[in-house]
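Readers should treat all values here as calculations from the given coordinates under stated rules, not as data from a laboratory. Because the structure is a prediction, the values reported are computed rather than measured. Here the Cβ positions follow ideal geometry from the backbone for every residue, glycine too, while neighbour counts run over all protein chains shown.
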Amino acid sequence: MSQISVGLQAVVLALVFVVGAAPTGAQAQGVVNMQKLSASLANELVGESVAICAKKGYTVVAVVVDLDGVRQALLRGNGAPIHSMDNAYYKAYSAASLTLARKEDSTKAVAERMAKAAPTTVPQTPLPNVTYAVGGVTIMAGGAAIGAIGVSGAPGGQLDDDCARAALAKIQGRMK
C-alpha cells in the first residue's frame, strides 16, 4: 500500500471511532436531568415560610426537599415544637412523592382525595416518611414539579399550608 492510502485509512478509522463514540438519541436516554431549587432559593423559601408564620404568631419548621425526598433546606423557627422537625419533613416528602401521579399540588389535595375514597382503596400500611397531614406543597417551575416544601407547627395544617403558599408566591418569579 502507498503512504497516502495508509494515512487515509488512519483518518477514516479515527472518524469512525469519533462518530461511534458521539452520543446518540438512544444513548442520551440513559441520562436523567432533574431540576431543583438552588441552595440559596431553597434557603430563602424556608426563611420566608418561617417569617410569614411568625408574623401571624405561629412558630414553625419549614423543610424543602427535591423530588428524591432529599432535604435541601431546613429552618426551625424560634420556639417551634421539636416534633415539627420531623413532621415538616414528612409533609414535604409526601408532597414530593404522592402528588406527582395525579398532578395534585399539596398534601391537602391528597387528604381531600383520600377522604372521598372508598375505605378499601385507602392505604392501610403506613409508608416511611409519608403523612396525609396538610402543610406540604409541591414546588412547580415551568409546569413541572421540582420539589416540595413542608411547614409544621402552626395550630392547624391549613395555617401551615397558607404560610408555605405565601412564601412560594414570593419566590415564584425566580424559579426559572
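Tabulated values for the structure
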{"read-out": "Karplus 3J(HN,Hα) series, Hz, for segment 128-139 with 6.51 cos²θ - 1.76 cosθ + 1.60 (x for Gly, Pro)", "value": "x, 6, 9, 9, 9, 6, 6, x, x, 10, 6, 8"}
{"read-out": "Positive minus negative residues near VAL64 (Lys, Arg vs Asp, Glu; Cβ under 13 Å)", "value": "-1"}
{"read-out": "Karplus 3J(HN,Hα) series, Hz, for segment 78-88 with 6.51 cos²θ - 1.76 cosθ + 1.60 (x for Gly, Pro)", "value": "4, x, 5, x, 4, 5, 5, 4, 6, 5, 5"}
{"read-out": "Cβ-Cβ FRET estimate between ALA144 and ASN78, R0 fixed at 25 Å, reported to 0.05", "value": "0.10"}
{"read-out": "Charge tally in the Cβ shell below 13 Å around GLY142, where Lys, Arg are +1 and Asp, Glu are -1, GLY142 excluded", "value": "+3"}
{"read-out": "Segment 160-165 - phi-based ³J(HN,Hα) in whole Hz, Karplus 6.51/-1.76/1.60, Gly and Pro as x", "value": "4, 4, 4, 5, 4, 5"}
{"read-out": "Ranked by how many other beta carbons lie within 10 Å on average, peptides 113-125, 78-90, 156-168, 29-41 from highest", "value": "156-168, 78-90, 29-41, 113-125"}
{"read-out": "Cα-based reach from LYS108 at 13 Å (exclusive), listing aspartates and glutamates while leaving out same-chain residues under 8 positions away", "value": "ASP160, ASP161, ASP162"}
